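As structure tokens, the structure follows; a few thoughts come after it.
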Amino acid sequence: MTKNVRLLSPQKTIALIAHDHKKDELLEWVKKHSEVIQQHQLIATGTTGKLIENELGVLVHRVMSGPLGGDQQLGAMIAEGKIDIVIFFWDPMEAQPHDPDVKAFLRICAVWNIIVACDASTADFILTSPFMHTEYAVETPDYKLYLNRNIEKGIS
Ligand SMILES: O=C(CO)COP(=O)(O)O
């Protein structure tokens, strides 16, 4: 498959999300990286965003809470190329009422080669990367062939 390139600017848009039993862990991580994090645009699901705003005293653009559609809103933004990095501490030990939304969100991240961390160590590696402060070219699949695929008509 041929590739396209999406150029990330030095200032990234970072989506921050955590399930309830992972929120403390995300807040700890955010505190640890507060200096770097504040140099970027932050967006979050509702409750996570409110907690981060209280913790850091910075503005976080907030969408709806996850179970009310927040994951889907962020997924739509990914499809539109509006999010560069996702830090999503999802809970592998508890079923969520909106599990289909979580799965759909992680899928759309893979569709667009989004930089994703689901745990603090991976998130540490991302935040300390020199690419956090420079342009970075993300290769994404070129879906032209898929979009122009031949759809047979007249199936009766
Ligand atoms: O449920 C979530 C992600 O799937 C997170 O939503 P909240 O940040 O509103 O708790």
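The values are calculated or read from the model by the stated rules, or taken from the named source; none is laboratory data. Please read all numbers here as calculations on a predicted model, not as lab measurements. Using ideal geometry, Cβ is built from the backbone for each residue, glycine included, and neighbour counts are taken over all protein chains shown. Keep in mind that these areas ignore ligands, DNA and RNA; they rest on the heavy atoms of the full protein, side chains included. Shrake-Rupley method; radii C 1.70, N 1.55, O 1.52, S 1.80 Å.
Against the definition (away from the ligand (no atom under 11 Å from the Cβ), free of Cβ contacts under 8 Å to residues at least 24 places away in the same chain, open to solvent by 40 Å² or more (accessible area, probe 1.4 Å) and assigned to a loop (DSSP other than H, G, I, E, B)), how does residue 107 come out, yes or no?
Working: away from the ligand (no atom under 11 Å from the Cβ): yes; free of Cβ contacts under 8 Å to residues at least 24 places away in the same chain: yes; open to solvent by 40 Å² or more (accessible area, probe 1.4 Å): yes; assigned to a loop (DSSP other than H, G, I, E, B): no.
Against the criterion (away from the ligand (no atom under 11 Å from the Cβ), free of Cβ contacts under 8 Å to residues at least 24 places away in the same chain, open to solvent by 40 Å² or more (accessible area, probe 1.4 Å) and assigned to a loop (DSSP other than H, G, I, E, B)), residue 107 does not qualify.
For region 1-60, give me every one of the helices (runs of 4 or more DSSP H) that falls completely inside it and has 3 or more residues that are open to solvent by less than 50 Å² (accessible area, probe 1.4 Å) and more than 16 Å from the ligand (Cβ to nearest atom).
Details: elements: 23-32, 34-37, 46-56.
Those helices (runs of 4 or more DSSP H) span 34-37.
Looking for something more than 11 Å from the ligand (Cβ to nearest atom), open to solvent by less than 80 Å² (accessible area, probe 1.4 Å), out of contact with any Gly (no Cβ under 9 Å at 6 or more places or on another chain) and within 22 Å of residue 40 (Cα to Cα) - is there at least one such residue anywhere in region 87-103?
Looking through region 87-103, at least one residue is more than 11 Å from the ligand (Cβ to nearest atom), open to solvent by less than 80 Å² (accessible area, probe 1.4 Å), out of contact with any Gly (no Cβ under 9 Å at 6 or more places or on another chain) and within 22 Å of residue 40 (Cα to Cα).
Can you confirm whether residue 101 is among the charged types (D, E, K, R), part of a loop (DSSP other than H, G, I, E, B) and in contact with a helix residue (DSSP H, G or I) (Cβ under 9 Å, 6 or more places away or on another chain)?
In short, no.
Which residue pairs have Cβ atoms closer than 8 Å, lie 6 or more positions apart in sequence or on different chains, and pair a first residue in region 50-69 that is free of Cβ contacts under 8 Å to residues at least 12 places away in the same chain with a second residue that is away from the ligand (no atom under 13 Å from the Cβ) and not in a strand (DSSP E or B)?
Matching pairs, first to second residue: 53/59.
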